[in-house]
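Trainee: To start, I am sharing the structure in question, which I have written as structure tokens.
The values are calculated or read from the model by the stated rules, or taken from the named source; none is laboratory data. Quick caveat, the model's predicted, so the values are computed rather than measured. Note: ideal-geometry Cβ built from the backbone for every residue, glycine included; neighbour counts use all protein chains shown.
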């Protein structure tokens, strides 16, 4: 046992060495002496995040049922913020690195590129064809479950849906409850400062709701992962669609010998595709320029672009393998650092506030469960593995958007499914905005 502990390493470092590094970073962060650009933020996130992730992955029960190191790291970062364990400049640097600097975008685009290019072309077409109906099934049942419990707790059927189900299923903050709040103010017929105040009040109430929904989705994903081990016929181990006969899930790229240059090629392709998708979304897309009250996120366009490249067959196998390799690197070494930058913007008080009302809490839980139930039944119609369809089409609709996708997939060890998760958060989120505009117009 002592030999095993002596051989344990984190990021290749002996435990004692990286522990010392983490303590130094925490002291510098607490005293606000940390470098406040990308260098300091990445260093802090990489060292401290990897240590926290290691701890979370070794806590009994927690590691199997409650999200392991991913959720533990995110909540620990939230505690740093809530209890002021880091200086203001340090927190700002970590937030900026995740948002303005684009660390979250980089992580997601790498995972999209690698995961989509690793799927067999025929399998890709079949799975995407049934995915949107599966998402819609999750939305319908989540609304139904939430509304029924809303009636039981005397909140009201449609009121509970607008207060809980829509924010949770809406795709997070930026693409979800923020535009919804503007729709809410418009439905009230308000303008100017009055509209702004009404939108802000609705947003503040729903932000805590989405936080609890995201937490519930992460915990549910970890539980589904564990449950899948006991129901192997439900478990695709990261593969959405069941393979018939002797077919394989895709071309075997593992036999190719890769160099450092192949990693760079895969990264460059992902960066290029994200740039093209962003340009298209902002300057060309008819949907985004039609003034419909909602828009499609650039990640959704990127999934479509990379899928087209895969289906066309123009990407050489060596490049596809390089994209998969850089994806695996990010999943293995960048996931815990990302959770630091994601969690640092949260406050644990938001979770506590949402737990204060039992009826509200039950409606939120019912929404998450409904998303799983709906995608379970509809996904089976398209020969999807139940575990994978519930996680991607269900829980990735009920989480907090892009960062929530990372937390959910990380909790169930299915980062390879980021492309499906992004369809849920982005295209599914856009569908939710259309639904929100209709419901607000009818019931507000």
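Trainee: Suppose we keep only residues that are within 21 Å of residue 108 (Cβ to Cβ) and not in a helix (DSSP H, G or I) within the range 283-302. Which one would you say is modelled with the highest pLDDT?
Mentor: Selected residue: 285.
Trainee: Quick one: residue 89 ticks every box in (1) surrounded by fewer than 16 Cβ atoms within 10 Å (Cβ to Cβ); (2) closer than 30 Å to residue 318 by Cα; (3) modelled with pLDDT of 85 or more bar one, so which box is it?
Mentor: (2)
Trainee: So if I check each of 404, 379, 370, which one is touching a helix residue (DSSP H, G or I) at 6+ places or on another chain (Cβ under 7 Å), part of a helix (DSSP H, G or I), in the same structural domain as residue 325 (by TED's automatic domain parsing) and farther than 22 Å from residue 300 by Cα? Break it down into steps so the answer makes sense when it comes.
Mentor: Working: 404 fails: farther than 22 Å from residue 300 by Cα; 379 fails: farther than 22 Å from residue 300 by Cα.
Just one listed residue meets the conditions, 370.
Trainee: Of the residues in the range 413-444, how many are over 14 Å from the mean Cα position of the chain (by Cα) and either part of a helix (DSSP H, G or I) or buried (at least 21 other Cβ atoms within 10 Å of the Cβ) (or both)?
Mentor: Keep residues of the range 413-444 that are over 14 Å from the mean Cα position of the chain (by Cα), which gives 430-444.
If we keep only those that are either part of a helix (DSSP H, G or I) or buried (at least 21 other Cβ atoms within 10 Å of the Cβ) (or both) too, we end up with 430-443.
Within the range 413-444, residues that are over 14 Å from the mean Cα position of the chain (by Cα) and either part of a helix (DSSP H, G or I) or buried (at least 21 other Cβ atoms within 10 Å of the Cβ) (or both) number 14.
Trainee: Just checking, how many residues over the range 64-86 are surrounded by fewer than 17 Cβ atoms within 10 Å (Cβ to Cβ) and more than 13 Å from residue 340 (Cβ to Cβ)? Explain how you work it out, then say what you get.
Mentor: First, pick out the residues of the range 64-86 that are surrounded by fewer than 17 Cβ atoms within 10 Å (Cβ to Cβ): 64-65, 79, 82-85.
Those left that are additionally more than 13 Å from residue 340 (Cβ to Cβ): 64-65, 82-84.
Qualifying residue count, the range 64-86: 5.
Trainee: Here's something else I'd like to know. Kindly indicate whether residue 399 is in contact with a helix residue (DSSP H, G or I) (Cβ under 8 Å, 6 or more places away or on another chain), assigned to a loop (DSSP other than H, G, I, E, B), surrounded by fewer than 21 Cβ atoms within 10 Å (Cβ to Cβ) and in the same structural domain as residue 264 (by TED's automatic domain parsing).
Mentor: Details: in contact with a helix residue (DSSP H, G or I) (Cβ under 8 Å, 6 or more places away or on another chain): yes; assigned to a loop (DSSP other than H, G, I, E, B): yes; surrounded by fewer than 21 Cβ atoms within 10 Å (Cβ to Cβ): no; in the same structural domain as residue 264 (by TED's automatic domain parsing): yes.
Against the criterion (in contact with a helix residue (DSSP H, G or I) (Cβ under 8 Å, 6 or more places away or on another chain), assigned to a loop (DSSP other than H, G, I, E, B), surrounded by fewer than 21 Cβ atoms within 10 Å (Cβ to Cβ) and in the same structural domain as residue 264 (by TED's automatic domain parsing)), residue 399 does not qualify.
Trainee: Let me ask something additional. Which members of the range 303-329 meet the condition of being under 30 Å from residue 81 (Cβ atoms) and crowded, with 21+ Cβ neighbours inside 10 Å? Walk me through it before giving the result.
Mentor: Of all residues in the range 303-329, those under 30 Å from residue 81 (Cβ atoms) come to 327, 329.
Result: 327, single match.
Trainee: From the list 176, 170, 236, 189, which residue is buried (at least 23 other Cβ atoms within 10 Å of the Cβ) and not in a helix (DSSP H, G or I)? Full working, then the answer.
Mentor: Working: 176 fails: not in a helix (DSSP H, G or I); 236 fails: buried (at least 23 other Cβ atoms within 10 Å of the Cβ); 189 fails: buried (at least 23 other Cβ atoms within 10 Å of the Cβ).
Every option except 170 fails the conditions.
Residues are listed down the side, and each one gets a yes or a no for (1) assigned by TED's automatic domain parsing to the domain that holds residue 17; (2) in a helix (DSSP H, G or I); (3) in contact (Cβ under 8 Å) with a residue 40 or more places away in the chain; (4) within 20 Å of residue 407 (Cα to Cα):
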residue	(1), (2), (3), (4)
43	yes, yes, no, no
51	yes, yes, yes, yes
75	yes, yes, yes, yes
84	yes, no, no, no
111	no, yes, yes, yes
129	no, yes, yes, no
135	no, yes, yes, yes
141	no, yes, yes, no
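Trainee: Quick test of your reading of the structure: residue 152 fulfils all but one of (1) more than 27 Å from residue 345 (Cβ to Cβ); (2) modelled with pLDDT under 85; (3) more than 20 Å from the chain's Cα centre (by Cα). Name the failing condition by number.
Mentor: All conditions pass for residue 152, except number (2).
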